[in-house]
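Below: the structure, in structure tokens.
The values are calculated or read from the model by the stated rules, or taken from the named source; none is laboratory data. Since we're looking at a predicted model, the values are computed, not measured. Please note: Cβ atoms are built from the backbone with ideal geometry, for glycine as well, and neighbour counts cover all protein chains shown.
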Amino acid sequence: MLKNINIKIKKGHTLGVVGKTGSGKSTLVSLLLKLYNIETKAIFLNGIDMMDYSPEAIREGIGYVPQDDFLFSASIKDNITFFKDIYSDDAVYKAAENSCISDSITSLSQGFNTILEERGVNLSGGQKQRICIARSLIKDQKILILDDALSAVDSITEEKIMKNLKALRKDKTTIIVSHKISAVMNADEIIVLDQGEIVERGTHKKLLEERGAYYAIFQEQFKDNHQTS
């Protein structure tokens, strides 16, 4: 259960959400996706009560990439476009490029026409996540939620994807939920959840200076790296 959650995310800003398992991250995401019924005047999108939006409007306006998204037994192109023929080949390639999966795809003999096995079992975990990110990027929705969607991606590729997202979504809202500090450290604001409450909030630099829960997570993840900013 979430308690005393007060968040405002400006258009074009990125919010990072971190916390241990069971801290409330998944509940927060579910509320933002309107998967639970909530009280009126609890969550607002563009100044409008979320309860006034239809589920269809929510799905159209909010892109969501979970840790284990579904891939179909179909071509890579169809998996990115979600079987919609409204996107050009260039748009498909750009989405793949921005999610750092284009080189892996073009190295395959059939390229974007390569047929995936059910759930993409012929791909690595990181490749599957990046194809799912490409699927969301091509839709270019106003709000994008990445829910541990980079957990299987190596640190160098993760950094490239985050850099691309920052450039691509400078006028749109992005929410990054992650166990990894590296995924949220460049967010405009980071919140730390614990037992359903925000226990810390601020920028990466500010939270490190406070030497609280965020700092403890950072130290654990970067214990062999002395970089602190």
Tally of residues being surrounded by fewer than 23 Cβ atoms within 10 Å (Cβ to Cβ) and in a helix (DSSP H, G or I) across region 97-125: 13
Residues (touching a strand residue (DSSP E or B) at 6+ places or on another chain (Cβ under 8 Å) and surrounded by fewer than 14 Cβ atoms within 10 Å (Cβ to Cβ)) located in region 5-26: 6, 10, 11, 12
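For every residue, the table says whether it meets (1) in contact (Cβ under 8 Å) with a residue 40 or more places away in the chain; (2) part of a helix (DSSP H, G or I); (3) closer than 24 Å to residue 130 by Cβ.
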{"residue": "159", "(1), (2), (3)": "no, yes, yes"}
{"residue": "170", "(1), (2), (3)": "yes, no, yes"}
{"residue": "174", "(1), (2), (3)": "yes, no, yes"}
{"residue": "179", "(1), (2), (3)": "yes, no, yes"}
{"residue": "199", "(1), (2), (3)": "no, no, no"}
{"residue": "205", "(1), (2), (3)": "no, yes, no"}
{"residue": "208", "(1), (2), (3)": "no, yes, no"}
Residue within region 75-96 that is surrounded by 19 or more Cβ atoms within 10 Å (Cβ to Cβ) and of a type in the set (Gly, Ala, Ser) present: yes
Close pairs (9 angstrom Cβ cut-off, 6 or more residues apart or separate chains): within 24 Å of residue 218 (Cα to Cα) and without any contact (Cβ under 8 Å) to a residue 40 or more places away in the chain in region 1-21, assigned to a loop (DSSP other than H, G, I, E, B) and aromatic (Phe, Trp, Tyr) anywhere: none
Test: residue in region 10-25 that is closer than 16 Å to residue 145 by Cα, part of a loop (DSSP other than H, G, I, E, B) and more than 18 Å from the chain's Cα centre (by Cα): no
Residue among 49, 68 that alone is modelled with pLDDT under 95 and more than 20 Å from residue 132 (Cβ to Cβ): 49
Flag for residue 216 being part of a helix (DSSP H, G or I) and either in contact with a helix residue (DSSP H, G or I) (Cβ under 9 Å, 6 or more places away or on another chain) or over 21 Å from residue 27 (Cβ atoms) (or both): yes
Residue match in region 126-135 (condition: without any contact (Cβ under 8 Å) to a residue 24 or more places away in the chain and not in a loop (DSSP other than H, G, I, E, B)): no
Index of the failed condition, residue 35 passing every other in (1) under 14 Å from residue 136 (Cβ atoms); (2) at pLDDT below 90: (1)
Every residue from region 113-148 that is within 17 Å of residue 160 (Cβ to Cβ), touching a Leu at 6+ places or on another chain (Cβ under 7 Å) and small (Gly, Ala, Ser): 136
Test: residue 153 is closer than 21 Å to residue 17 by Cβ, over 12 Å from the mean Cα position of the chain (by Cα), in a strand (DSSP E or B) and β-branched (Val, Ile, Thr): no
Residues of region 40-74 satisfying the condition of being touching a strand residue (DSSP E or B) at 6+ places or on another chain (Cβ under 8 Å), of a type in the set (Ser, Thr, Tyr) and free of Cβ contacts under 8 Å to residues at least 40 places away in the same chain: 40, 53
